[in-house]
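The next block holds one structure in the form of structure tokens; read it before the comments.
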Amino acid sequence: MSVAVASFAVFAASQVGTPGPANMALMATGARYGFRAALPFVAGVALGKQLVIWPVGFGLMELAEQAPWVFEALKYASAAYIIWLAWRVANMRLGAPAQAGAAPGFAAGLIVHPLNPKAWAMIVGGFTAFVAPGTPAIEATATIAAVLLACQVLLHPLWTLAGEAIARTVAGTAAEPYLMWSLAALTVASVLFVLFGGGT
């Protein structure tokens, strides 16, 4: 095939399943609001990556070569947004659902990956490392999109469930603020690693 599907699937699963800004947001949302209430947010996060995949697949990287400053600015704006999310997580307290307010919805989840530098690096890496030269754009993009969506449908809910499970253990205890600070610190660390450490 023109796309190394099996190899890319292993790569995609390793990237989608490991800590990053999106998974930290999913875990924090599950911890704060519970798995069921977080499902619209989970769906938005999963589908939001498609908003990056398709433009990249149809030539957005050519624009990056012509106007690199646009993407440099986007990179730091994205980092600022993720760090702001982390600050919100650090100040959350799990509390009772009645006190938690409304959980973030589908639209809030939809913008997570377009503003997530790890997602951009993962997608660009997928196209450059696993797609054979000359592959039709529609074939390459549809394959990358389908594999990543499958990984997200399987793995994103697990992070959300993990957050809910942790919350049941620590809500209302002295460990609660440390959990939220740790989630926030991991979020910031993951985005800084992607920006400055060369990670994906």
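Tell me the residue from Leu148, Leu179, Leu186, Leu195 that is at pLDDT below 80 and in contact with a Lys or Arg (Cβ under 7 Å, 6 or more places away or on another chain), please.
Details: Leu148 fails: at pLDDT below 80; Leu179 fails: in contact with a Lys or Arg (Cβ under 7 Å, 6 or more places away or on another chain); Leu186 fails: in contact with a Lys or Arg (Cβ under 7 Å, 6 or more places away or on another chain).
The unique qualifying residue is Leu195.
Can we say Ala31 is in a helix (DSSP H, G or I), modelled with pLDDT under 85 and within 26 Å of Ala90 (Cα to Cα)? Steps first, answer last, please.
On the way: in a helix (DSSP H, G or I): yes; modelled with pLDDT under 85: yes; within 26 Å of Ala90 (Cα to Cα): yes.
So Ala31 fits the description; yes.
Can you tell me which residues in segment 34-78 are crowded, with 17+ Cβ neighbours inside 10 Å, more than 29 Å from Glu139 (Cβ to Cβ) and at pLDDT below 90?
Passing the criteria: only Gly34.
Identify, from the list Ala108, Ala121, the residue that is surrounded by 13 or more Cβ atoms within 10 Å (Cβ to Cβ), at pLDDT below 85 and in contact with a helix residue (DSSP H, G or I) (Cβ under 8 Å, 6 or more places away or on another chain).
Values: Ala108 fails: at pLDDT below 85.
Exactly one residue qualifies, and that residue is Ala121.
The values are calculated or read from the model by the stated rules, or taken from the named source; none is laboratory data. Please read these numbers as outputs of a predicted model, since none were measured by experiment. Here the Cβ is made from the backbone with ideal geometry for all residues, glycine too, and neighbour counts use every protein chain on show.
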